[in-house]
Amino acid sequence: MSKRLYLCFFLLTLLGSSALAYDRSEFLFLDEVEIGMKGIGRTIIAGDVIEEFAAEILGVIDQAGTLSDFIVVQVSGDVIGRAGGIAQGMSGSPVYVDGKLIGALSRSANWSKAITPIGLVTPIEPMLAVLDEARSDIAVSAPTTSAVLAEINHVLLDHAPSEFLVASMPNTLFSYPVSTPIITAGLSGRSLDVLMSGQAWHGTSAKLVTEVLGSSIQPEVRGLSALGLTLLPLAGSSTAGTADADALVAGGSVGVALASGDISIGSLGTITYRDGESLIAYGHPFISNGTSSFPLTSVSVIDTMKSLQASFKLGTLGDSLGTILEDRTAAIAGQLGPVARLIDLTWALYDADRNVDATFSVGLVDEPRLMPELLLSTGFEAIDTTLDRVGQGTVEVAYKIYGDNMPFPLERGDVFFSSTDVAIYAPWQLASIVSFLQYNAFQDPGITKVVATMHITQEIKGIQIAGLHIDNPYYAPGDTIIFEVALQTFQGTSEVRVGTLQIPEDLPSDIVVIRAYGGPRYLEDGEIAPEFGGLEDLVDAIEQIPSYDTLTVELFAVDVYSADPTALFGVTEQTFVFPGHAVYDAWEITVPLLSGSVEEDSTSDESIGGPGW
């Protein structure tokens, strides 16, 4: 079916369907756009006052498909001058011709043939399709031949092309989205780096739950920048005041919250069109999340700040007034009224050295691919703010995770120490646990509440495994191994722990390995991951993972049934617990397993210890 015939079909559907309450007279569709038409755009640049700017249509970019068509406009006027051009946060600003909505300002552009700022407008048709997902036919319209910018033969995505490049390619339009600015309150320093760039968690040696239990899905921390989002260089210091749904009109500001409470994270943009309790905004995706459940919030715009790189709206998020339900290529769409459910996160901390308590309460969106960044950035901020330092120490942490579909709350405790940065391990382990739950194969846990309670001291409370000794150089099936583990507390005393390991009578192996290690261990190469019968089994398995205050001495044997000839499997173990201390390093001994009993008493040992603390 041609675009023209498809348009006619769409218009008949639009006019005849009771599900679509849109009035044709409200819009100017793509096939009606002509070069030289003059109109206005509406946006807020300061003080929550909607103002108008001039917009002249230069033509239409008609590319393959329907989501890559744009209306090219030249914008001007006092508002554009005071904003320093097309600013971040203006995305979604509605543009009208003769009082009819043509679409949303969504991209800024550079073109050698234009002097004043150039913008690209997302046509209204695909935006209406986002607003009404119930419609089976997406609006498609073909621009008139006379409106197509034939002299533009390339549209390139380049945020900051050089003047030379623009001048040397006169038939190329360089465009980039009017970035969705991320605004935060309560985050600073490296917490912002983690949120945007995913930095600062690299190099942690804490074993992840996903690696211990054999999951192939690891928590990925790329940062929000990887989703095309930018961080405002300034954060507003005021609050958005009393939320008013009546203020959410075309040209007004709207926010999308990712976190709210003592720490807030979200974005702001401009509303393009409101139909009753429904609205569309941005003119481009937020994070291209598809069907979503993000809080829709009010916004207070303090001012629009000029910048040589990109001007931006300075504002703050207000109260939640509804839910963003769709996050698509052409727009985001939301509904006023019921507010999206959030996960209640609490960081409760005690600095033992200064006798300081602090609690941070934050509501997080239930979006698994964002959860690691949100947990790490808020966790780092809570710890750094409470301690008012970055450096060595020991942290004892207890987690409680509640969920609507979880058979019982998950409860787990652990101990970590670091000579350089005590803040890293507890948030990272929590992110690992939550990711493992959210990406489990059985069912959505429906996490509702997460509580992390931490007791932190600057003292390094570590116990190093300094040696491992056994009572014989070889054994036979059925023998008992007597072992001694030499331990050294950090800058403190030495001690020895003695125990036994029983070799099974029918063990089909020609060697055994005795290993002493602290905390959990990874699965051995070739070792079969545990099988789970459901979410209840997963929760129980996470709770049973040894914590870092645990010394384990484990007996391994060769897995003769594995395709890997070096594959080992755990046979039996003995554990020792050292409350408040983290056990580190590892030693192991490999000895032959012979037929018949062994009477000789001698010792052989070998260290495979790590680099220490």
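The values are calculated or read from the model by the stated rules, or taken from the named source; none is laboratory data. Everything quoted here is computed from the prediction, not taken from an experiment. For neighbour counting, all protein chains shown are included, and Cβ atoms are generated from backbone atoms with ideal geometry for every residue, glycine included.
For this structure, a couple of remarks:
- Within segment 511-558, the set of residues being of a type in the set (S, T, N, Q) and part of a loop (DSSP other than H, G, I, E, B) comprises just one member, SER547.
- In segment 98-107, the count of residues that are at pLDDT 85 or above, part of a helix (DSSP H, G or I) and not assigned by TED's automatic domain parsing to the domain that holds LEU229 is zero.
- Among the candidates ASP479, ASP510, ASP525, ASP506, residue that is surrounded by 19 or more Cβ atoms within 10 Å (Cβ to Cβ), over 17 Å from TRP587 (Cβ atoms) and outside the structural domain of GLU211 (by TED's automatic domain parsing): ASP479
- Among residues of segment 340-368, those that are among the aliphatic types (A, V, I, L, M) and touching a Phe, Trp or Tyr at 6+ places or on another chain (Cβ under 9 Å), counted: 8
- Condition check for LEU568: in contact with an Asp or Glu (Cβ under 6 Å, 6 or more places away or on another chain), buried (at least 17 other Cβ atoms within 10 Å of the Cβ) and modelled with pLDDT under 95: yes
- Count of residues meeting criterion [assigned to a helix (DSSP H, G or I), of a type in the set (S, T, N, Q) and buried (at least 21 other Cβ atoms within 10 Å of the Cβ)] in segment 358-397: 3
- Of all residues in segment 298-335, those that are part of a loop (DSSP other than H, G, I, E, B), at pLDDT below 90 and basic (Lys, Arg) total 1.
- Filter result (assigned to a loop (DSSP other than H, G, I, E, B) and under 34 Å from the mean Cα position of the chain (by Cα)) within segment 74-93: GLY84, GLY85, ILE86, ALA87, GLY89, MET90, SER91, GLY92
- Exactly one residue among THR378, THR359, THR386 is of a type in the set (S, T, N, Q) and under 20 Å from PHE417 (Cβ atoms), and that residue is THR386.
- Tally of residues being surrounded by fewer than 22 Cβ atoms within 10 Å (Cβ to Cβ) and not small (Gly, Ala, Ser) across segment 398-429: 12
- Filtered by the rule that a residue be outside any loop (DSSP other than H, G, I, E, B) and either of a type in the set (Gly, Ala, Ser) or out of contact with any Pro (no Cβ under 9 Å at 6 or more places or on another chain) (or both), segment 411-426 gives GLU411, ARG412, GLY413, ASP414, PHE416, PHE417, SER418, TYR425, ALA426.
- Subset of segment 74-100 [surrounded by 24 or more Cβ atoms within 10 Å (Cβ to Cβ) and in contact (Cβ under 8 Å) with a residue 60 or more places away in the chain]: ALA83, ILE86, ALA87, GLN88, GLY89, MET90, SER91, GLY92, SER93, PRO94
- Within segment 61-104, being over 21 Å from PRO285 (Cα atoms) and among the β-branched types (Val, Ile, Thr) holds for VAL75, VAL79, ILE80, VAL97.
- Top-ranked residue of segment 244-266 - restricted to ones that are among the β-branched types (Val, Ile, Thr) and outside any strand (DSSP E or B), ranked as surrounded by the most Cβ atoms within 10 Å (Cβ to Cβ): ILE263
- Which listed residue is in contact with a strand residue (DSSP E or B) (Cβ under 9 Å, 6 or more places away or on another chain), more than 30 Å from THR270 (Cα to Cα) and free of Cβ contacts under 8 Å to residues at least 40 places away in the same chain, from ALA358, ALA398, ALA352: ALA358
- Test set (1) of a type in the set (Gly, Ala, Ser); (2) in a strand (DSSP E or B); (3) over 24 Å from LEU213 (Cα atoms) - ALA452 fails condition number: (3)
- Residue satisfying condition, being closer than 30 Å to GLY119 by Cβ, in contact with a strand residue (DSSP E or B) (Cβ under 7 Å, 6 or more places away or on another chain) and not in a strand (DSSP E or B), within set PRO295, PRO285, PRO338: PRO285
- Of residues in segment 543-562 being β-branched (Val, Ile, Thr) and modelled with pLDDT under 95, the one surrounded by the most Cβ atoms within 10 Å (Cβ to Cβ): VAL558
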